[in-house]
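> One structure, pasted below without further comment.
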Amino acid sequence: MNAPLPTRQIREQLYRDMEPHNLTPLWEVLHALVPPRPNTPCVPALWRYEEVRPFLMRAGEAITAEEAVRRVLILENPKLRGQSAITQSLYAGLQLILPGEVAPSHRHTQGALRFIVEGSGAYTAVDGERTTMRPGDFIITPSWTWHDHGHEAEEPVVWLDGLDIPMIRFFDAGFAQNDAARSQQVTRPEGTSFARYGHNMVPVRHDPPFGQTSPIFSYPYERSREALHELERHAPVDAWDGCKLRYVNPLTGGWPMPTIATFMQRLPAGFAGQPWRQTDGAVYSVAEGEGEVEISAGEQTWHLRFRPRDHFVIPSWHTARLTSGTGCVLFSFSDRPVHQALGIHTEERLS
Ligand code: 1HN
């Protein structure tokens, strides 16, 4: 009999022998599977609009909206290149449509939001109703609804797309179809969804038109902006968030989309916020004003100075702090509804 092999060799032989049988020892990976705290591969990043816009306009010369289907530059997290993801669960991109163009009708199980960044007069149509886009509007394309975009006005229109693409990919639950028509048939006048559901009252008898998604598919900036300014006048400014509101589904009081939470906040002039961290990584679009976000994780710290139409991402469990000299308005979205549905949403307010 040979002397017993040293422990390491015994183990390595075991791993080699079972490898072809698709077996892996848990004890070698356990620590990484259940880390003591969230350990995202994502990093903070800022996309300055003055740097991105020339590429968008060049894309406008390089390809039509029709040929591209959607003419979008994807905002990819620097550590997730090639994955069409800004966080592990969320997709973000900047879409351009030029006067006279149509982005053809299709539908998919992935839900989408639009936040209008530049220009007015393009429209998006959702299941028979069009809505005109204006800067700061938050527009929803619910899962599996036909949608197309068009532009009959004068200037380029750019918006932020936020989708749950990586999440749906994770669940292998993506379906998509192209419409027979380039632009869908309009069956209701513009403003119908807002008229029925947008006034803190809802029709006594109705079927929710979009399942778990809000029946309001356009939340105009005019209203959100006024709400923020009123809040600033009438309520104490939160030391972490400034004046921050969440958008609601008027039928449930919950989030407007089942997978994505959306927020609009105002930091008053001179705001110097306290730091926080939370498990839902978030994407920000700067609607107005300037400021700075300081983000840290472990030994690393990022200082991102933002201006109007810039975009930035705060990954999961990164400590962040917002400041603004001039005052600013920030739109943001995250995957918080899913964290909450799973009972795992965690937030820490630090100081
Ligand atoms: C999509 O349908 C749109 O409808 C935008 O505007 C971005 C990214 C991936 C897949 C589908 C749109 C998208 C998308």
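The values are calculated or read from the model by the stated rules, or taken from the named source; none is laboratory data. This structure is a prediction, so every number in the text was calculated from the model and none was measured. With ideal geometry, Cβ positions are generated from the backbone for all residues, glycine too; neighbour counts draw on all protein chains shown. Heavy atoms of the whole protein, side chains included, go into the accessibility calculation; ligands, DNA and RNA do not. Shrake-Rupley method; radii C 1.70, N 1.55, O 1.52, S 1.80 Å.
> Can you tell me which residue within region 136-173, out of those that are within 14 Å of the ligand (Cβ to nearest atom) and among the charged types (D, E, K, R), is most open to solvent (accessible area, probe 1.4 Å)?
The residue in question is Arg169.
> Could you check, for region 87-105, whether at least one of its residues is within 14 Å of the ligand (Cβ to nearest atom) and surrounded by fewer than 17 Cβ atoms within 10 Å (Cβ to Cβ)?
Within region 87-105 (the criterion being within 14 Å of the ligand (Cβ to nearest atom) and surrounded by fewer than 17 Cβ atoms within 10 Å (Cβ to Cβ)), the answer is yes, since at least one residue qualifies.
> A further question follows. Residue under question is Ala45, and the condition is that it be touching a residue at least 60 places away in the same chain (Cβ under 8 Å), more than 29 Å from Asp148 (Cβ to Cβ) and away from the ligand (no atom under 16 Å from the Cβ); does it hold?
yes
> Right, something else. If you scan region 231-252, which residues turn out to be open to solvent by 40 Å² or more (accessible area, probe 1.4 Å) and either assigned to a loop (DSSP other than H, G, I, E, B) or under 30 Å from Ile168 (Cβ atoms) (or both)?
Filtering region 231-252 for residues open to solvent by 40 Å² or more (accessible area, probe 1.4 Å) gives 231-234, 236-240, 244-246, 248, 250-252.
Pro236, Val237, Ala239, Trp240, Lys244, Leu245, Arg246, Val248, Pro250, Leu251, Thr252 - these are the residues of region 231-252 that are open to solvent by 40 Å² or more (accessible area, probe 1.4 Å) and either assigned to a loop (DSSP other than H, G, I, E, B) or under 30 Å from Ile168 (Cβ atoms) (or both).
> In addition: Could you tell me whether Arg225 is closer than 26 Å to Thr252 by Cβ, part of a helix (DSSP H, G or I), open to solvent by 70 Å² or more (accessible area, probe 1.4 Å) and touching a residue at least 40 places away in the same chain (Cβ under 8 Å)?
Yes: the conditions hold for Arg225.
> Oh, and also: Of the residues Arg182, Arg188, Arg205, Arg196, which is within 16 Å of the ligand (Cβ to nearest atom) and open to solvent by 50 Å² or more (accessible area, probe 1.4 Å)?
None of the other options fit; the residue is Arg182.
> Something else: Assess whether Pro156 counts as being within 25 Å of Val286 (Cα to Cα) and touching a Leu at 6+ places or on another chain (Cβ under 6 Å).
Values: within 25 Å of Val286 (Cα to Cα): yes; touching a Leu at 6+ places or on another chain (Cβ under 6 Å): yes.
So Pro156 fits the description; yes.
> Could we say that Gly298 is small (Gly, Ala, Ser), over 23 Å from Glu230 (Cβ atoms) and surrounded by fewer than 16 Cβ atoms within 10 Å (Cβ to Cβ) here?
Yes.
> Now for a separate question. Quickly run through region 48-79 and pick out the residues that are within 20 Å of Ile295 (Cα to Cα) and within 15 Å of the ligand (Cβ to nearest atom).
Leu75, Glu76, listed by residue number.
> Go through region 315-334 and count every residue that is open to solvent by 10 Å² or more (accessible area, probe 1.4 Å) and part of a strand (DSSP E or B).
3
> Sticking with this one: Quickly run through region 253-276 and pick out the residues that are assigned to a strand (DSSP E or B) and more than 28 Å from Gln110 (Cβ to Cβ).
Arg266, Leu267, Phe271, Ala272, Trp276
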